[in-house]
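The values are calculated or read from the model by the stated rules, or taken from the named source; none is laboratory data. Quick caveat, the model's predicted, so the values are computed rather than measured. For neighbour counting, all protein chains shown are included, and Cβ atoms are generated from backbone atoms with ideal geometry for every residue, glycine included. The accessibility values were calculated without ligands, DNA or RNA, using every heavy atom of the protein model including side chains. Shrake-Rupley method; radii C 1.70, N 1.55, O 1.52, S 1.80 Å.
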Amino acid sequence: MGCQQFSLSALVSRVGLLILFFAGSFPLVVWPNAVVLAQDRAPARGRPPGPVREKESRYAEATRVVADRLAAAFPRVEGMIIGFEGDQVLIDRGTANGVFQGMELEVFREGEEFKHPLTMETLGRLDKDVGMLRVLQVRERYAVAAITRRVEKTEIRQGDQVRVSMARMIVAFPNVEVEDVRDTNTRTVTKDFAAALLRTGRFELIEDRQLRSMVLADKNLAAAEFADPRVLKQLAERGKAQALLLCRLTPRESGASLDVQVFSTLTGNPLLLASAEVKPAAAAHKRPSPAGPKDSGAPRSRPPGLATGASTESPISSHGGSAPRPAQSRLSSEGFRLGAEFDGPMQALAVGDLDGDGTPELLLAAADRLLLHRIEGRRLHPLTELAFNGKETVVVLETADLTGDGLAEVIVGLSQKGRVRSLIVQLKDGRLAPVWEMPNLVLRALSSDGTAAGLFGQEVPQAGRPSGPIHRYTWDGRSYARGQTLDAPPGLPLLGLHLADLGGGAGTRFLALKEGGVLEVHSQSGKLASYSDGGRLTASRRGASPRILVEGGEDAAQPEIIVGQEEASGPAMLRWITRRKAVRLTALRWNDARLERAWQTPLFEGTLADYGVADLGGGLGRHLLLLVVKEGRLGFGGKSEIQAIRLR
């Protein structure tokens with residue numbers, strides 16, 4: 001053995017080579033006249049990528065595209081606080097400097113100079129941490145931000161400086177999830193993407209093995225569980241990570257898609273989404289098993305209550321008397337929860353194709369943000385968000401293609417202390433961006449002729465309700481200009497209004513769900529009928545516009561009107577303490593000048609915030625979606641969830 005070591009050392013000395021052996025996971029490094037066993041280390045934390053392989057992975061190009069987009073999304077920004085607007089902060093950097101909505105900025109203040117103790121030469125200044133900001137609105141030369149963290153006993157003030165770290169950003173990087181893509185494994189895609197991120201020079205990576213050693217909870221976390229706020233806090237404190245990258249490779253009809261969602265470790269909010277398409281030849285779908293497609297969402301369950309047919313526990317029509325005509329229910333007997341629960345009360349829901357790919361996205365609104373998700377069967381994949389100030393109520397949330405370009409815009413109405421403002425929002429470069437804003441105006445998407453929806457608005461006096469004529473607004477290439485007046489019966493507010501052809505050749509009818517839970521049907525000449533069901537139909541909640549859905553029904557000539565309904569749940573004393581409720585949707589049909597109930601969904605425990613219809617794709621078909629809020633004990637806290645029931 002000694003002779004072999006001597007020969008090897010002599011040989012290395014003569015040719016001047018460095019020989020690197022890998023035995024298991026330990027690299028054996030041989031220098032001239034010395035042998036050193038190096039301890040195993042993860043390849044993360046800012047080390048440059050290794051030599052380029054002779055045969056590059058087929059996913060390398062997509063990983064480079066995504067990495068470059070992420071690097072561009074986190075520019076090295078430095079600016080200054082120039083003022084305050086209420087409890088919000090103004091900074092002197094905007095879109096021209098790479099600032100985007102949702103960006104997080106450090107707030108710091110230059111400290112006193114420090115000097116060399118012998119030469120007394122000034123060496124520099126120590127920065128003092130003051131807090132953190134999150135950008136809410138961006139203009140070309142300035143931005144508005146909210147304070148998300150303050151250092152104790154330190155006040156943020158005008159003149160303080162802000163920045164996105166000029167050094168490499170430390171990001172948590174779990175293994176890429178590979179979902180049903182043939183001849184592809186997690187290790188290959190993860191390695192390619194790590195190399196691409198390091199090549200940008202903008203990121204240091206804390207990779208999967210290191211991340212799991214930092215997490216105090218179960219080490220067998222799925223990648224998505226790293227986005228839990230408690231886990232993110234541990235990553236920030238123990239690993240100094242500034243962001244989390246959740247990466248997924250999913251099959252598409254045209255090949256595959258590499259999607260990366262970025263989360264803030266400070267707030268837990270999604271910051272942005274970066275995606276790249278993988279060429280079709282590089283990613284073919286796996287063949288489905290004989291047992292059918294894999295169910296990767298929430299377990300199937302049969303909701304409580306009636307699954308089919310119509311209940312007979314309440315009046316059928318305000319005109320009295322007749323029972324509904326026998327008809328097979330359009331509802332499947334099974335339902336499930338779409339995606340995971342959401343913390344806190346969500347206020348509104350909407351569905352629309354915002355990116356023009358032919359599949360709808362799901363929008364959810366809370367008091368402080370608008371969330372965009374991609375629907376993936378029984379799961380929801382977060383894409384991006386738009387921040388609100390947290391003090392407003394969402395009174396309108398709708399989608400419609402208002403410009404005729406094939407992309408749906410988002411219509412948002414916000415109310416605070418009687419004052420209303422409306423936004424038109426578009427999905428641009430993976431982000432939700434407001435493109436038009438009007439104060440004291442309610443905007444809605446209505447179809448006046450039963451075809452494409454148009455934008456309609458009604459003025460709202462300060463601290464008042466919508467009143468006066470309803471005008472159509474059209475896009476002129478720069479903004480939305482007011483046009484003709486909607487020929488509607490006088491006195492109908494735009495909030496809670498829906499236009500529909502109820503069949504029979506009578507033309508457009510005006511549906512209005514009013515306070516007190518009364519649904520009214522109007523023609524140009526006046527009210528035709530009303531339906532109350534004991535006053536349990538859900539009308540305005542916290543000023544929100546009540547939702548009315550009109551579906552084609554089993555017979556396209558006889559559409560169904562779908563409205564929400566609330567019922568008391570449990571003993572009276574317990575209801576008073578917990579405010580416990582049960583909710584469902586009711587479908588009505590127009591039958592010879594009156595409304596009759598056709599079918600109802602099962603009851604769900606909670607408060608009905610909103611509802612809609614979406615095609616979940618993957619062969620699942622069209623589903624009713626109920627946004628249900630479950631309050632915590634004694635009415636505090638709570639969760640929100642989306643219950644899905646298939647329409648036949």
Heads up, I need the accessible area for Asp192: 1.4 angstrom probe, whole protein in place, Å², nearest 10. 10
Have a look at Leu221, Leu235, Asn269 and report the one farthest towards the positive end of the charge dipole of region 220-273, computed about the Cα centre with Cβ charges (Lys/Arg +1, Asp/Glu -1). Leu235
If you wrap a convex hull around the C-alpha atoms of region 352-399 and split its volume per residue, what is the figure in Å³? 75
Can you give the Rg to Rh ratio for region 584-648, taking only C-alpha atoms and Rh from Kirkwood? 1.09
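How long are the three semi-axes of the equivalent ellipsoid for region 116-231, computed from the Cα gyration tensor as the root of 5 times each eigenvalue, in whole Å, largest first?
Equivalent ellipsoid semi-axes, largest first: 36, 21, 18 Å.
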Rank these residues by their accessible area, most exposed first, probe 1.4 Å: His471, His623. His471, His623
Using θ = phi - 60° and Karplus 6.51 cos²θ - 1.76 cosθ + 1.60, couplings along region 435-442 (whole Hz; Gly, Pro as x): 10, 7, 9, 9, x, 6, 9, 8
How much of Met132 can a 1.4 Å solvent probe reach, expressed as accessible area in Å² and rounded to 10? 30
Residues with amide H under 5 Å from that of Ser257, placed H, sequence gap 5 or more: Thr250, Arg252, Val278
Give a quick list of GluC sites (Glu not before Pro) in region 69-163 that DSSP marks as loop, anything other than H, G, I, E or B, with at most 14 other Cβ atoms within 10 Å. Glu121, Glu140, Glu152, Glu155
If I model a spin label as a point 7 Å beyond the Cα along the Cα-Cβ vector, how far apart are those points for Val151 and Arg252 in nm? 4.4
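Accessible area per residue for region 475-518 in Å², computed with a 1.4 Å probe and the full protein assembly in place, what is it?
Numbers: 2240 Å² over 44 residues.
On a per-residue basis, 51 Å².
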So what does Thr200 come to for accessible area, using a 1.4 Å probe and Å² rounded to 10? 40
How far is it, in nm, from the label point at Glu551 to the one at Met120 when both lie 7 Å from their Cα along the line to the Cβ? 8.4
Counting pairs of alpha carbon atoms under 8 Å apart in space and at least six apart in sequence, what relative contact order in percent does region 346-409 give? 32
